[in-house]
Amino acid sequence: MIIRRRTLLAATLATPALAACASTAAESADALAPLPQDPDSYARPNEARVRHISLDLTADFERKVFAGSATLSIAARPDAREIVLDAHSLNIASVRTNLGETSWTLGEHQDRYGAPLTIAIASGVETITIDYESAPGAGSLQWLEPAQTASGKQFLFSQGQAILNRTWIPLQDTPGVRITYDARIVAPAGLTAVMSAEMLTPQGEPAEGGGRAFRFRMPQAIPGYLIAIAIGELAHRDVGNRTGAWAEPSVVDAAAQEFDDMPRMMRVAEALYGDYRWGRYDVLVLPPSFPYGGMENPRLTFATPTLLAGDKSLNNVIAHELAHSWSGNLVTNAVWADGWLNEGFTSYIEDRICEELYGVDYTMMARALAWAAIQAEIAKNTPDTTRLYAAGDTGSAVAYTKGALFLHTVERIIGRARTDRFLRSYFDRYAFQPMTTAGFLEDFRDHVVRGDADLEARLLLDEWAYEPGLPANAQEPQTDRFAEVETEIGAFMAGGAASAAPWENWTTFERQRYLQRLPRDLSAAQLDAVNTAFGLNETGNAEVLFDWLQLALANGYEPAAAPAERFLMSMGRGKFVAPLYRTMIGQGAWGQALARRIYAGARATYHPIVVRRVDAILNPGE
Ligand code: BES
Ligand code: ZN
């Protein structure tokens, strides 16, 4: 039982306190604990709220749709006459409640938000069953053709964050509303379904139409964006006793090997922030079109195969997604404007886990690369987009790097032990609850600052949260590991040879630093020299290859066209894909022709999220 000293969210509410209106006892008052109105959702959860979702869906790979029903258990104010859900392009056949038929309307559709699904409820309504299908173009889902997978079988996966789950589930798609869920999913014969939930039937059960049914149960209350599903030919390997890897059979051993530090990561995170509360932790390596590095779906992180570098050098992404088990999945941004509470805290915890596992040097190099990136972003963006609160685009470095820098700054000022104690108690106090920026600051002042005016003045809390750029107390991460990189760059630019000797011994971060710090304008002869000395066109490390291609394409370096095409045809991670097309488009006729030719072949292989981004780059204004 969680006892809050004070309702932090109440201050931001327009509606009157609800506890007094709630019909019965603590249970229903708690069920309607006040939430701020989310501008990204049509739902009005202070009036009527979904508590549990029960899915019964068939994955129809021929039509590329989910078909079936969602039964929602709800809690409502006694005077509530309707409940509003988010629905995006759902084809709704019927809606009924535990009391029988009911009326419903779908409001006006908006491109990004979909439409409000308003359902009439009378008192006594406890469940609502919606028979529906998703649309073939549902923005969350990617239905892969056999040619796009390692196994040569069909594959499907979902991506919920931020507001995409409404394209396959009618729900209150706002992170303040937490739900438990269960599901029965019918998949084609030979394929396995996995979800961000406990798997009740690992082998599946015979089901209608010759398919197999998989049942799931998620007993912890999660925000709707964390419901996730994947269906494909999947194998599992244990990595320790409560962590493991899922992937297509030909990939699963490489995945289990690359990620075999997961048990240690788990021990480090638990020692810092308390018990892992979700049961198992598995990582699912998806086919290469997965649009992100990783996605922190509870119990089952989704990850890109571009993490499989062979040397664990990109394992910070796994540390990051695991860290979300506390920052994000346990204590959750109330609305997306508070997203830095998820991503910034998680990036800080990622640094702490990596420091324990891979050492201070590894972490400081990672932080120094991130520092350079945030400086560049602040320099090129309008100040408005560099505030932590409402950082805007969730893909921006602000929520991540500025957010992490905030906690690193706190740590420097109040000490590591106090920071750790605070964070641990914060995750305990607000476990399974939403958090706002204002609520966090109030809590931090209550538990750490405690009226100490001198400390308050040194922290610059409000400036961090609400002002653009980096406050004066931000400090650049220091590492001497990049000194040799600078020396090599200097020698090379002074006409020396690109020396393979240090490169061979460098880590991924030093190689990235080298490629990021070489002057942007290089001749074909200079690019030839580094390409040949370091085998850049052939590198198997996706981060290094990306940095190389950015540099080479920006200089119109023809020999990079073929590896760029191979890379862009072989994976669909937005962080790599979008900037590479942007670079080519910035390169006059040569680059534009190259970008259009590659995209003509690649577009059909990308996830809808990435297609949207690249379409906008190639055809601005459309
Ligand atoms: N939650 C994010 C992914 C995300 C962000 C999905 C915004 C949709 C909208 C995830 O935890 C993440 O940040 N992944 C990063 C890796 C991380 C180490 C910075 C990624 O995908 O590259
Ligand atoms: Zn994250």
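The values are calculated or read from the model by the stated rules, or taken from the named source; none is laboratory data. Keep in mind it's a predicted model, so treat the numbers as computed, not measured. All Cβ positions, even for glycine, are placed from backbone atoms using ideal geometry, and neighbour counts span all protein chains on display. Just the protein is used for accessible areas: all its heavy atoms, side chains included, with ligands, DNA and RNA removed. Shrake-Rupley method; radii C 1.70, N 1.55, O 1.52, S 1.80 Å.
Can you name every residue in the stretch 287-308 that is within 14 Å of ligand 1 (Cβ to nearest atom), more than 14 Å from the chain's Cα centre (by Cα) and of a type outside the set (S, T, N, Q)? Break it down stepwise before answering.
Looking only at the stretch 287-308, we keep the residues that are within 14 Å of ligand 1 (Cβ to nearest atom), and these are 288-298, 300-307.
Pick out the ones that are also more than 14 Å from the chain's Cα centre (by Cα) and you get 288-289, 305-307.
Within the stretch 287-308, P288, P305, L307 qualify.
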Worksheet item: Taking interchain pairs and intrachain pairs at least six residues apart, which have beta carbon atoms under 6 angstrom, with the first residue in the stretch 291-308 and under 13 Å from G572 (Cβ atoms) and the second within 9 Å of ligand 1 (Cβ to nearest atom) and among the charged types (D, E, K, R)?
Response: T304/R573; T306/R573
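If a residue must be more than 8 Å from ligand 1 (Cβ to nearest atom) and within 19 Å of V268 (Cβ to Cβ), how many such residues does the stretch 332-348 contain? Full working, then the answer.
Taking the stretch 332-348 as the starting set, the residues that turn out to be more than 8 Å from ligand 1 (Cβ to nearest atom) are 332-338, 340-341, 344-345, 348.
If we keep only those that are within 19 Å of V268 (Cβ to Cβ) too, we end up with 345, 348.
Residues flagged as more than 8 Å from ligand 1 (Cβ to nearest atom) and within 19 Å of V268 (Cβ to Cβ) within the stretch 332-348 amount to 2.
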Worksheet entry | Count of residues meeting criterion [farther than 17 Å from D261 by Cα, touching a helix residue (DSSP H, G or I) at 6+ places or on another chain (Cβ under 6 Å) and open to solvent by 10 Å² or more (accessible area, probe 1.4 Å)] in the stretch 304-338 | 1
Practice prompt. Being surrounded by fewer than 20 Cβ atoms within 10 Å (Cβ to Cβ) and either assigned to a helix (DSSP H, G or I) or in contact with a His (Cβ under 6 Å, 6 or more places away or on another chain) (or both) is the filter here, so list the residues in the stretch 242-251 that pass it.
Written response: P249, S250
Worksheet item: Taking the stretch 463-485, which residues are assigned to a helix (DSSP H, G or I) and open to solvent by 70 Å² or more (accessible area, probe 1.4 Å)?
Response: E463, Y466, E484
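Going by the structure shown, is A187 touching a residue at least 12 places away in the same chain (Cβ under 8 Å) and in contact with a Phe, Trp or Tyr (Cβ under 8 Å, 6 or more places away or on another chain)? I'd like the intermediate steps shown before the answer.
Working: touching a residue at least 12 places away in the same chain (Cβ under 8 Å): yes; in contact with a Phe, Trp or Tyr (Cβ under 8 Å, 6 or more places away or on another chain): yes.
Spelling it out, A187 is indeed touching a residue at least 12 places away in the same chain (Cβ under 8 Å) and in contact with a Phe, Trp or Tyr (Cβ under 8 Å, 6 or more places away or on another chain).
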Worksheet entry | Qualifying residues in the stretch 102-151 (those that are part of a loop (DSSP other than H, G, I, E, B) and of a type in the set (A, V, I, L, M)) - the one surrounded by the most Cβ atoms within 10 Å (Cβ to Cβ) | A138
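Let's see how each residue does on (1) at pLDDT 95 or above; (2) within 14 Å of ligand 2 (Cβ to nearest atom); (3) over 19 Å from Q512 (Cβ atoms):
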| residue | (1), (2), (3) |
| --- | --- |
| A303 | yes, yes, yes |
| L308 | yes, no, no |
| W326 | yes, yes, yes |
| L341 | yes, yes, yes |
| F345 | yes, yes, yes |
| Y348 | yes, yes, yes |
| A366 | yes, no, no |
| T385 | no, no, yes |
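Any idea which of V360, V398 is open to solvent by less than 20 Å² (accessible area, probe 1.4 Å) and among the β-branched types (V, I, T)?
V398
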Worksheet, complete the sentence: Looking across the stretch 259-281 at residues that are in contact with a strand residue (DSSP E or B) (Cβ under 9 Å, 6 or more places away or on another chain) and open to solvent by less than 10 Å² (accessible area, probe 1.4 Å), the single one that is nearest to L156 (Cα to Cα) is Y281
